[in-house]
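Nothing in this text is a laboratory measurement; each read-out follows from the coordinates by a stated rule. These numbers were taken from a predicted model, which means no experiment stands behind them. Cβ: placed from backbone, ideal geometry, glycine included. Neighbour counts: every protein chain shown.
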Amino acid sequence: MMSHYLRPALFVSHRHPAVMIAMAVVSCFVISAWLGSEILSPATMWHTLNNPDSVMRTLILQWRIPRVLTTFCVGACLGMAGVIFQGVFRNPLAEPHLLGSASGASVGAAIALMMPALFPGPFFLPIMAFAGAWLTTLLVVSLARVARVESGFGLILAGVAIAALLAAVRGLIMLTLSDDAVSLQVILSWTLGGIQTPTWQEFFLFMLLTIIGFILCLRLARGLDILGLGSDTARNMGLDVTRFMHRSVLIAAAVTALAVVWGGLIGFIGLVIPHMIRWWLGPRHHRLMIYSALASGAALMVFDGVARSIMPPAEIPLGLLTALLGAPFFLFILTKEARR
Amino acid sequence: MSTDIIEARKIHASAGQKLLLSDINLSVPQGQFVALVGPNGAGKSTLLKLLSGLVYADSGEITLSGSNIARMKPAEISALLSYLPQRSEIYWNYRVSDILEIHSATDSLSLTTAHAVFSAYDHAKAFDIEQLIDRQFKTLSGGEQARVLLAACLISSPSILLADEPAAALDVSHQLQLLKTIKDRTSDGLTAIVVMHDLNLATRFADRIIVLNNGKIQIDGASREVSLSPALDHHFDVYFQRLSHEQQTILVPDFHSARPADKLASTSTNPLLKVV
């Protein structure tokens, strides 16, 4: 089986996974903070941070560090959403991007952004993104359920079809509603995936919401473990399967919306990382949720660093980079599943 | 007050236009091993699912330990009863220890505690599957999987076990081992209703055999009496030769005789046997 031969190649040891993931997160943070339109060596960065009069110091502290930390939270949210969607639908291809949830969030957010008169203030953006993600996921699941293809490729096909439809809707909204007040360029780059650079205040709010999301996701772990034993067994073990699925989709939509509001449309992180963690540490969801959140955050920090530093001063959209890696991985899982 | 732990009264169940079960009346006292037998499509799995609360009847009432199952919360049913499905639907590559731990944990917090882990290992020892504990479930043989699933079902010490063909696809040795485990537990008070296809194993291990056909209970009685009943031949549409060995009746299908005529049905002279 794949898991057997990939394990030694990908990971040195199964021992001390907590130490390994902590080292990975810290290393990825340092690498991401180091990368950018101006690549700073660790030594230069250290000197810069110790020089209070340096402009670069202000730039790093007020711009680069909050952005890197925001990227970590966006990645963590995508990883958690991926774990929930895969667990609740027992579908290894499920993730926010492919299920259409992220597209739903982006349409909700685009409406809030393009109609500031109707949705004033910063609070409507995440609320609209959440509503978009939730309603889209419910629509996709309902379509797959009607077609009786809930646990197979049909769910993903329904997600991809709805995502394509929503992309068209989003394009129409942007073309018809853009004016001088709302830059089309900004929104377009956001839909291609790109981390917003927040103020420290905004970051702390986002971090708080991510932590709340993390706690809610972690509380689903036992239910997801039980659901992995089969629906009948899960019901017999006292799990109200329908209610649990509704709650899981709601929470996954909420963390997807958080990720989309701060990072735009970033695909495949929620697919690739949970799979790698599952191969490494097994399928138990308590552990899978924690390690997927941390590893997804770490991986996205490196991707964002690369996106910022490849073509300075321009940034490559982050969503393009993750798709370059994620799409082949998706095909790999697809062929593996087709053989099953 | 009734001592029956499972009671079903006037149960009717259907799927669309098709009637699956009709006028099912059943009482099972605590500690009894009941074999539910019948031809394919007789309604055995449906009855088991109804008794476990996984599906609901169109009409009638099922009580578990005196409580109406329709008014019981999933957690209350779960504390009382374990259901072993016909086919394992385990999706992820769980190890055996994962499956036992998930079954032994009672809430989300205890999952990570040592209690669940120790309980799983103790249980594995009791069921003689400790050598499998680190293996992935999907890599086990059919017999090993069946033993693991039965151990998982019984880890929470339920009062009732409802098992849907747990011995199917097992070799003879594993069939005997599995059914002996259930039989031993019924001596300790477990009530078991087990769907079986092998009438000889049912006669050997069960205290009582219920024959279901066309959605109705056709014969219900002590194992030995049922195995001797000529109505059995009719409901399975085959003649059985009955051999006697060490006070056991062994049923051998007779391939040379014609199929039983309808007139043989529902004739019993044994007062202990209820032929409907």
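With a Cα-only, solvent-free Debye model of the range A:77-121, what are the log10 I(q)/I(0) values at q = 0.16, 0.20 Å⁻¹? Normalising to I(0) and taking log10 leaves -0.52, -0.64.
For an R0 of 51 angstrom, estimate the FRET efficiency from the Cβ-Cβ distance between B:Gln131 and A:Ala168 and round to the nearest 0.05.
With a Förster radius of 51 Å, E is 0.30.
With a 10 Å cut-off around each Cβ of B:67-79, the average count of Cβ atoms from other chains is 2. Of all segments of chain B bounded by chymotrypsin sites (Phe, Trp or Tyr not before Pro) found in a DSSP loop with no more than 14 other C-beta atoms within 10 Å, the longest spans B:57-254. A dipole drawn for the range A:17-339 from +1 and -1 charges on Cβ atoms has a positive end, and of A:Ala110, A:Leu265, A:Gly230 the residue lying farthest that way is A:Gly230.
If you average the sequence gap of Cα pairs under 8 Å that are 6 or more apart and divide by the length of the range B:60-216, what percent do you get for the contact order?
That works out to 24 percent.
If R0 is 35 Å, the Cβ-Cβ spacing of B:His197 and B:Lys10 corresponds to a FRET efficiency of close to 0.80. Across B:Ser157, B:Ser97, B:Ser141, mean-square fluctuation computed from a Gaussian network of chain B (C-alpha pairs under 10 Å connected) peaks at B:Ser141.
State, as an integer percentage, the relative contact order of chain A based on alpha-carbon contacts under 8 Å between residues 6 or more apart.
Contact order relative to length: 33 percent.
Neighbours of B:Leu150, meaning other residues whose beta-carbon lies under 14 angstrom from its beta-carbon, give a summed charge of -1 when Lys and Arg score +1 and Asp and Glu score -1.
Springs between alpha-carbon pairs under 10 angstrom, Gaussian network model over chain B: which of B:Leu26, B:Leu64, B:Leu161 fluctuates most? Comparing B:Leu26, B:Leu64, B:Leu161 in the GNM, the peak value goes to B:Leu26. Quick one: which of B:Lys125/B:Lys183; B:Lys73/B:Lys180; B:Lys44/B:Lys125; A:Lys336/B:Lys138; B:Lys49/B:Lys125; B:Lys73/B:Lys138 span more than 21 angstrom between C-alpha atoms? Cα-Cα > 21 Å for B:Lys73/B:Lys180; B:Lys44/B:Lys125; B:Lys49/B:Lys125; B:Lys73/B:Lys138; rest within. Per-residue ellipticity at 222 nm from helix content only, as computed over the protein assembly as shown with -39500 (n - 2.57) for each DSSP H run of at least four residues, stands at -17500 deg cm²/dmol. Over 37 Å apart: what share of the alpha carbon pairs of chain B falls there, rounded to a whole percent? Cα-Cα pairs of chain B separated by over 37 Å account for 15 percent.
How large is log10 of I(q)/I(0) for the protein assembly as shown at q = 0.08 Å⁻¹ when the intensity is taken from the Debye formula with one equal scatterer per alpha-carbon? With one equal scatterer per Cα and no solvent, log10 I(q)/I(0) is -0.68.
At the listed q of 0.06, 0.12, 0.14 Å⁻¹, the Debye profile of the range A:17-339, built from one uniform point per Cα, gives log10 I(q)/I(0) equal to -0.20, -0.79, -1.07. Note on the range A:24-108: Cα Rg divided by 2.2 N^0.38 Å, N the number of residues, gives 1.50.
Counting only other chain Cβ atoms within 10 Å of each residue's Cβ, the peptide A:232-245 averages 6. Other residues with beta-carbon under 12 Å from the beta-carbon of B:Ala57 carry, at +1 per Lys or Arg and -1 per Asp or Glu, a net charge of 0.
Counting Cβ atoms of other protein chains within 10 Å of each Cβ in B:83-93 and taking the mean gives 6.
With the highest mean first, a sort of the peptides A:46-55, A:291-300, A:155-164 on other beta-carbon atoms found within 10 angstrom per residue produces A:291-300, A:155-164, A:46-55. Other residues lying with their Cβ under 13 Å from the Cβ of B:Arg242 contribute a combined charge of -2, Lys and Arg counting +1, Asp and Glu -1.
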